[in-house]
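A short write-up of the structure that comes next.
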Amino acid sequence: MLHYPAVIIQPEDVHACVVVVGPGLVAVQDDEIALSNRALELDALARELLGHLLEVVDEGILAVGDVGVVLSVGLAGMKVECLAGLALVEHEVIEGRDRLDISLERRLCGHAPEGSCGRMQLGGACRESSCRGARLILMRLDLTSDLVALLQAITDVESVSGNERQLADMVEEALQGYGHLEIIRDGDCVIARTHFGRDQRVVIAGHLDTVPVANNLPSHLEEAPEGLHVVGRGTCDMKGGVAVQLQLAAELTDANRDVTWVFYDHEEVGADLNGLGRIAENSPELLEADFAVLMEPTDATIEGGCQGTCRILITVPGKAAHSARSWLGRNAIHGLSDVLNRINDYDAREVDVEGLTYREGLNAIRVFGGVAGNVIPPSASVEINYRFAPDKSPDDALAELRRVFHGYSFELTDMSPAARPGLDREIAKEFVESVGATPKPKYGWTDVARFSALGIPAVNYGPADPSLAHTDNEYCPADQLDTCANGLRRWLTTKKEA
Ligand SMILES: [Zn+2]
């Protein structure tokens, strides 16, 4: 029986040492892990372990069902505080008295005993050379490592929305080591602020969470014709940007502007959970700045502002009747045709705002209606999405919709304001010049609008192709990591004329 907090696997418990090609992991359901002979699926095991690090000390979650293999984890002599930084880096099924054994390594762990070297093996997996075993390491982010290594390190800590804690802990711990940063923690958001006493302050923000993993962790490197790619969930959206932020936060101990580095949670889910929104609501003073850069993927170019988006629902009434006597009713679905024709005829504007051309759009996105195969529909609705340029306020957008759908009443189902690019400001011009990219408009809605709502001009600027975001094969080109780091470094270190 294993006991919390320290779990002891005696080396003598592990003697047989046959490497099994299978089994691999097929499913993790409730408290059971079922094994099959697909070795590739061991990656899923790695993710499962990462998701339950603090629970690994309880063998319950790792009891394996009908195959009769029990996963035991060697944690001998390890303090429980160390578990937060555990990462599984290597794993292999070892058949030994029906056990899958995992040994642990911890690296640069603050809790390592006196005199231990950087790498320290713990636990009781077999050390025989024929058996590599599986290894967990306690990982601490090294912010002085190169960007590819840093990106891989943060990518391999799974942080699907709602599960950002471990990565946030690691980010916080790593930044704590730098005296020029004041660290503030709010839930799973980490804020690091400099106090150089400069006359300008900028916010550089990125989210720590990703969309769900799709068999694309841990990360790996691919040599493509155009250069090295870091491949894996989150590399594009948007841990590449986070890696750049982390490196510069540590490196820039004497920037020409004060910087507020924001690493936030819950960007990929409902707006009500958004970590940046929470800070803006509860502690807007923490986001006070003259300019903000959101490091979402833009292919290392500048995307200014963002379009607003709103949705409305128009319901057309009709009158039910048997379809055999349709003249006694009034068909609500037919009644939608006038609304749809107005959308079809709508001339969506192209609008120039501060030198960027935004293209608006008015579209029906859903229709609802109909009762049965022999009933004239008594009611039908169409939901309409309007994407509007940043020269319009939400009120302007609604006024436009009232004009287009004159004669109809509608229900507002969603409204997110647009954000002006703010490129007419001096600080933004310096940014554009330092980064050396031609600004483009941002068509989608992003968190830059939250800055805009606080009166802070904001742009998107980050490595990786935004069209790869959320795809199973998302990746970040290594050279774009350098491009973005160099651009920001120039902007934040070039001496300003007095
Ligand atoms: Zn993102």
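The values are calculated or read from the model by the stated rules, or taken from the named source; none is laboratory data. These figures come from a predicted structure and were not determined experimentally. Note that we place each Cβ from the backbone using ideal geometry, even for glycine, and neighbour counts take in every protein chain shown.
Taking region 146-162 only, how many residues are within 13 Å of the chain's Cα centre (by Cα) and surrounded by fewer than 19 Cβ atoms within 10 Å (Cβ to Cβ)?
So the answer is 2.
Could you list all residues from region 261-286 that are more than 13 Å from the ligand (Cβ to nearest atom), among the small types (Gly, Ala, Ser) and in contact (Cβ under 8 Å) with a residue 60 or more places away in the chain?
Ala271, Gly277, Ala280, Ser283
Please find, among Gly241, Gly232, the residue that is under 14 Å from the mean Cα position of the chain (by Cα), buried (at least 24 other Cβ atoms within 10 Å of the Cβ), away from the ligand (no atom under 14 Å from the Cβ) and under 21 Å from Thr298 (Cα atoms).
Sole residue among the options that is under 14 Å from the mean Cα position of the chain (by Cα), buried (at least 24 other Cβ atoms within 10 Å of the Cβ), away from the ligand (no atom under 14 Å from the Cβ) and under 21 Å from Thr298 (Cα atoms): Gly232.
Can you tell me which residue is farthest from Ala289 (Cα to Cα) among those in region 163-195 that are out of contact with any strand residue (DSSP E or B) (no Cβ under 6 Å at 6 or more places or on another chain) and surrounded by 21 or more Cβ atoms within 10 Å (Cβ to Cβ)?
Gln166
Scanning region 257-294 for residues that are of a type in the set (A, V, I, L, M, F, W, C) and under 12 Å from the mean Cα position of the chain (by Cα), which turns out modelled with the lowest pLDDT?
Per the criteria, the residue is Val269.
Given the conditions (1) surrounded by 14 or more Cβ atoms within 10 Å (Cβ to Cβ); (2) out of contact with any Lys or Arg (no Cβ under 8 Å at 6 or more places or on another chain); (3) outside any strand (DSSP E or B); (4) not charged (D, E, K, R), report the number of the one that Val367 does not fulfil.
Of the numbered conditions (1) surrounded by 14 or more Cβ atoms within 10 Å (Cβ to Cβ); (2) out of contact with any Lys or Arg (no Cβ under 8 Å at 6 or more places or on another chain); (3) outside any strand (DSSP E or B); (4) not charged (D, E, K, R), the odd one out for Val367 is (3).
Taking Pro297 as the residue in question, decide whether it is within 25 Å of Phe431 (Cα to Cα), within 15 Å of the ligand (Cβ to nearest atom) and not charged (D, E, K, R).
Judged against the criteria, Pro297 is a match.
For region 418-498, which fully contained helices (runs of 4 or more DSSP H) count at least 2 residues that are within 16 Å of the ligand (Cβ to nearest atom)?
In region 418-498, the matching helices (runs of 4 or more DSSP H) lie at 448-453, 478-493.
I'd like to check something: does region 388-399 contain any residue that is part of a strand (DSSP E or B) and either surrounded by fewer than 18 Cβ atoms within 10 Å (Cβ to Cβ) or among the charged types (D, E, K, R) (or both)?
So far as region 388-399 goes, no, none of its residues is part of a strand (DSSP E or B) and either surrounded by fewer than 18 Cβ atoms within 10 Å (Cβ to Cβ) or among the charged types (D, E, K, R) (or both).
Yes or no: Ile384 in contact with a Phe, Trp or Tyr (Cβ under 9 Å, 6 or more places away or on another chain), at pLDDT 95 or above, β-branched (Val, Ile, Thr) and surrounded by 15 or more Cβ atoms within 10 Å (Cβ to Cβ)?
Considered against the rule, which asks whether it is in contact with a Phe, Trp or Tyr (Cβ under 9 Å, 6 or more places away or on another chain), at pLDDT 95 or above, β-branched (Val, Ile, Thr) and surrounded by 15 or more Cβ atoms within 10 Å (Cβ to Cβ), Ile384 comes out as yes.
Which one is surrounded by the fewest Cβ atoms within 10 Å (Cβ to Cβ) among residues in region 328-343 that are within 16 Å of Gly373 (Cα to Cα) and among the hydrophobic types (A, V, I, L, M, F, W, C)?
Ile333
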